[in-house]
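Visitor: Can you read through this structure? Questions will come right after.
The values are calculated or read from the model by the stated rules, or taken from the named source; none is laboratory data. In this text the structure is predicted, and so the values were computed from the model without any measurement. Because the Cβ atoms are built from the backbone with ideal geometry, glycine has one as well, and the counts that use them run over all protein chains shown. All accessible areas refer to the heavy atoms of the entire protein, side chains included, with ligands and DNA or RNA removed. Shrake-Rupley method; radii C 1.70, N 1.55, O 1.52, S 1.80 Å.
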Amino acid sequence: MFKNLAQSLEQNLEYRRSVMRAMLMLVMIGGSTFSSINFYRGLWGLAALELFFIFFAFFLWRKILHTSHFQRWINVFLCPFFATMVYAMYVPNSSESIFVWILTIPVICYLMMGRKQGFWVSLFFILSGVVVYHFRFINGNLAINIAESLNIILSASLMILLAHVYETNREKNEARLLELAGTDDLTGLANRMKLEETFTLYVEYAKRNKSPLAVVLFDLDYFKNINDQHGHQVGDATLKYIAHFIKNRVRKTDLLVRFGGEEFVLLMAGSKEKDCYQQIDSIRQQLIDMPFVYNDVTIAITISAGISTYEKDGKNLEALLLKADQRLYLAKGNGRNCVVDANNGFTD
């Protein structure tokens with residue numbers, strides 16, 4: 001499920017590429033028509049600009065499919081394109097119906113640029129369009145002028161508002177999907193996808209601040225016996241209990257992950273090896289003193305753990321997990337219910 005959610009979010013960029021290509025096709029067709037008309041009418045400057053955008057659109061129509069700088073090309077094309085719309089209204093003998101195209105700017109901006117950039121770009125060009133429209137076309141009867149101005153301003157504001165509300169809700173839904181994609185269904189903890197993403201961020205922090213980073217791999221001792229004796233419902237409840245227990249005893253900056261089955265991973269940024277070992281061993285001891293009670297059944301739980309540290313034991317997540325797993329195996333080989341790192345007396 002998580003993979004499918006992540007893939008569907010990746011498709012958002014492909015969707016925007018398709019929308020942009022459709023828009024470029026419209027620019028090529030519409031631009032050819034209007035360029036011919038404006039050449040005929042003697043509006044050489046405007047016709048030349050429209051001709052330029054025809055060739056630019058043709059160039060982008062192919063490039064937009066594969067470029068890794070999609071957003072950059074969007075900005076390079078759209079901002080001059082919007083400026084040309086405004087200029088088209090300013091040109092003498094132009095039609096006031098051009099303002100209809102100005103009203104499409106917020107929709108295009110929010111769709112292709114996102115909420116923040118889309119808002120400021122659309123606001124700038126909408127205001128520019130309104131000012132030019134008033135300069136060129138508002139004259140005569142005062143009452144009619146006021147009514148026409150209000151219509152123009154309100155319609156432009158409505159387009160920005162609708163586009164803003166839509167994009168805000170879309171971003172919230174996408175953020176929620178990303179959260180779901182990185183969350184374990186049973187425990188509510190982060191999952192492997194979130195682990196990989198957060199590890200990258202923590203490594204950058206560790207490099208920048210020259211601070212330690214530890215990876216802890218937990219495993220519940222004899223968890224299979226709990227499932228066999230009490231059933232999977234109790235086993236699931238036990239996993240939830242462990243997740244809650246550990247999460248409440250680590251810092252908010254630490255990331256606790258359900259790695260799979262009865263295994264958990266903890267990323268600890270900024271903790272020295274000694275401090276990390278002491279904290280994990282303290283959690284192990286507290287768990288002994290606080291057995292899990294489920295429907296009047298008391299279940300004694302112990303954990304084993306292996307600890308690895310960034311740079312000393314590896315520089316990527318795979319290497320650190322492998323070393324932590326080797327030390328977890330040592331912990332289990334030494335009778336379980338213990339924590340093993342590089343310095344606590346066991347040979348690895």
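Visitor: Going down the table (Lys194/Lys323; Lys116/Lys172; Lys210/Lys252; Lys194/Lys224; Lys63/Lys194; Lys240/Lys312), which pairs top 24 Å between alpha carbons?
Guide: Lys194/Lys224; Lys63/Lys194; Lys240/Lys312
Visitor: Then there's this: What distance in nm lies between label points placed 7 Å from Cα along the C-beta direction at Asn343 and Phe70?
Guide: According to this spin-label approximation, the distance is 4.7 nm.
Visitor: So between Asn248 and Leu201, what do we pick up on full extension, going 0.36 nm a residue minus the alpha carbon distance?
Guide: 14.7 nm
Visitor: Give me the extension gain from Lys224 to Met25: residue separation times 0.36 nm, minus the current Cα-Cα distance, reported in nm with one decimal.
Guide: Here the answer is 65.5 nm.
Visitor: Which listed residue (Gln278, Leu255, Ser128) has the Cα farthest towards the positive end of the charge dipole for the chain, taking +1 on Lys and Arg C-beta and -1 on Asp and Glu C-beta about the Cα centre?
Guide: So the residue furthest toward the plus end is Ser128.
Visitor: Something else now. Rounded to the nearest 0.05, what FRET efficiency do Lys240 and Ala300 have when you use their Cβ-Cβ distance and R0 = 22 Å?
Guide: With R0 = 22 Å, the Cβ-Cβ based efficiency is 0.85.
Visitor: On the protein heavy atoms, probe 1.4 angstrom, tell me the percent of accessible surface of the chain carried by carbon and sulfur.
Guide: 60
Visitor: Another question about this same structure. Computed FRET efficiency, Cβ-Cβ of Glu171 and Gln278, R0 45 Å: what is it to the nearest 0.05?
Guide: Computed FRET efficiency for Glu171 and Gln278 comes out at 0.60.
Visitor: Then there's this: Which whole DSSP H helices in the chain pass both tests: a Cα extent of 20 Å or more along the axis and a mean Kyte-Doolittle value no lower than -1.0? Could the numbers behind the result be given before it?
Guide: Numbers: long enough: 2-41 (58 Å, 0.04); 44-63 (29 Å, 1.39); 70-90 (31 Å, 0.98); 115-137 (31 Å, 0.81); 142-181 (58 Å, 0.54); 192-209 (25 Å, -0.92); 232-247 (22 Å, -0.01); 273-289 (25 Å, -1.10); 317-333 (24 Å, 0.22).
Going by DSSP H runs, the hits are 2-41, 44-63, 70-90, 115-137, 142-181, 192-209, 232-247, 317-333.
Visitor: Using 0.36 nm per residue, how much length does the chain from Leu322 to Gln286 gain when fully extended, once their Cα-Cα distance is taken away?
Guide: Separation in residues times 0.36 nm, less the Cα-Cα distance, equals 10.3 nm.
Visitor: For the chain, report the accessible area per residue in Å² (1.4 Å probe, heavy atoms, rounded to an integer). Let's see the in-between values first.
Guide: Working: 19270 Å² over 348 residues.
In whole numbers, the chain has 55 Å² accessible per residue.
Visitor: Ok, one more. From the protein chains alone at 1.4 Å, what is the descending order of accessible area for Leu103, Leu189, Leu161, largest first?
Guide: Leu161, Leu103, Leu189
Visitor: Another question, if that's okay. Select from Val297, Thr183, Leu162 the residue farthest towards the positive end of the dipole of the chain; place +1 on Cβ of Lys and Arg, -1 on Cβ of Asp and Glu, and compute about the Cα centre.
Guide: So the residue we want is Leu162.
Visitor: Next up: Suppose we keep just the alpha-carbon trace of region 222-316; what are its Rg and Dmax in angstrom?
Guide: Every Cα atom of region 222-316 included, Rg and Dmax give 14.6, 47 Å.
Visitor: In what sequence, largest accessible area first, do Glu174, Glu167, Glu96 appear using a 1.4 Å probe?
Guide: Glu96, Glu174, Glu167
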